[in-house]
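Each value in this text was obtained by applying a stated rule to the coordinates, not by laboratory testing. Everything quoted here is computed from the prediction, not taken from an experiment. Please note: Cβ atoms are built from the backbone with ideal geometry, for glycine as well, and neighbour counts cover all protein chains shown.
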Ligand SMILES: [Mn+2]
């Protein structure tokens, strides 16, 4: 289903007066309101194709109905999000869950919806029907050369699919590792994985990037062969200039200082992309900003500071994607909330008085440094993010619109209650 322009205008007209009152007080506080608004309008966050259906756990899965059953329907859902928030102009495909059967048709649909194809994602963490060799004991790290070759060939095939779609990056997340002490020779596993990544790397087109994503644990519970940012950085450095580390917020051990990791990776010119989510315990895949919005703000502060120090374009020079799962919420509402949380944290980071902060740091004014950060964090910037949406042609209140128009009910009517989106 598509959203009509007139529907958005009616929705916005009804909320406009209240919105303007709220925005007016911010206008006096922010000297560079238009500059910040333009940055917010430019900032786009990719939606992964696997996040549009209900997520499950190993215990069960509860579908909410109206899930997209095909790649086209997934793209339509992302188009729907983008027409409401104007910040979701990209979709990230997972191969083989979303192999396009007709590339020209898929590209033309993307064009109609105003979407581009973000990083493509390979999958060697599960066996596919008809696959000849199993990844039970890993893929690129496997002791059997034939399994490694199968995994390498798959990644090269994903790059080929991505080229056809107009993607410019591949994200490699490996579930490789071991569950028990003694199971794996760490050094040999690292070496075999590096050799596999090197083969994949040579298949990258000139303008492509490879993102090496790390994860501390799960599905392996004793060791992960790309377990933390240090290991990922080792691979990225050995691979070359087109290889980067990808930070997924949920892939750390508890209490890791992710903001410091981000700062150092940026300094090393090796931060490539970001997967947003939130968590209380581990890789919980919860809505961005639902548990610890202050941490998200602190991460954005380092992102903005580090990117500005290198004259990077906030919107274009790193890969931004949501990587979350929705077990009990409507996936589309959850994604709208996640995008809103990202935009708010980004806006708050833009608001920080960088000169005053640098002076406080240089003079060891610890209390003042905290005051400066919290001044920005505690400013309610929701009207500013709403104004960016309004100027870009979106909805003042995307979730209210989603509910008023009964969008989920319409999707259930179109698609039924038993459709199941491919994914986890
Ligand atoms: Mn991820």
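Protection proxy ranking for 46-53, 371-378, 329-336, using the average of other Cβ atoms within 10 Å per residue and placing the highest first: 46-53, 329-336, 371-378.
Quick one: Debye curve from the C-alpha atoms of the stretch 61-115, no solvent, what's log10 I(q)/I(0) at q = 0.14, 0.26 Å⁻¹? One equal scatterer on each Cα of the stretch 61-115 leads to -0.39, -1.11.
Going by C-beta contacts inside 10 Å, put 404, 4 in order with the fewest on the left. Before the final figure, lay out the partial values.
Details: 404 14, 4 10.
Ranked by crowding around the Cβ, least crowded first: 4, 404.
Highest mean packing first, where packing is the average number of other Cβ atoms within 10 Å per residue, the peptides 315-322, 255-262, 19-26 line up as 315-322, 255-262, 19-26. Is any residue of the stretch 131-148 close enough, with backbone N under 17 Å, to a label point placed 7 angstrom from the Cα of residue 180 along the Cα-Cβ axis, and if so, which? The answer is 136-138. Just check the stretch 294-344 against the gyration tensor rule for me: Cα atoms, a ≥ b ≥ c as the square roots of the eigenvalues, rounded for a/c under 1.5, and otherwise prolate or oblate depending on whether a/b exceeds b/c. It is prolate, given that a/c is not under 1.5 and a/b is the larger ratio.
Any idea what the relative contact order of the stretch 287-382 is, in percent, if you count C-alpha pairs under 8 Å spaced at least 6 apart?
Values: 67 pairs, mean separation 35.3, N = 96.
The value is 37 percent.
Helices in the chain, meaning DSSP H runs of at least 4 residues, each add -39500 (n - 2.57). Divided by all residues, the mean residue ellipticity at 222 nm is -15500 deg cm²/dmol. Relative intensity of the stretch 133-240 on a log10 scale, I(q)/I(0) at q = 0.14, 0.19, 0.21 Å⁻¹, equals -0.52, -0.94, -1.13, per a Debye sum over C-alpha point scatterers of equal strength in the absence of solvent. Across the stretch 1-78, the convex hull enclosing all Cα atoms gives 183 Å³ per residue.
Want the number for residue 2 to residue 308: 0.36 nm per residue separation, take away the alpha-carbon distance, what's left? Intermediate values should be presented prior to the final figure.
Working: separation 306, 0.36 × 306 = 110.16 nm, distance 3.75 nm.
Length gained, residue 2 through residue 308: 106.4 nm.
Distance from the alpha carbon centroid of the stretch 23-97 to that of the stretch 204-279 works out to 22 angstrom. Model label sites at residue 59 and residue 280, defined 7 Å from Cα along the beta-carbon direction, differ in position by 1.3 nm. Each principal axis of the Cα cloud of the chain was evaluated for its coordinate range; sorted largest first, these ranges are 66, 62, 41 Å. The separation of the stretch 149-167 from the stretch 303-356, counted between C-alpha centres, amounts to 28 Å. A protection proxy built from the mean count of other Cβ atoms within 10 Å ranks the segments 149-158, 130-139, most packed first, as 149-158, 130-139.
Based on the Cα coordinates of the stretch 197-244, what is the per residue volume of their convex hull in Å³? If you can, show how the numbers build up before the last one.
Values: hull volume 3.5 nm³, N = 48.
Convex hull of Cα atoms, per residue: 72 Å³.
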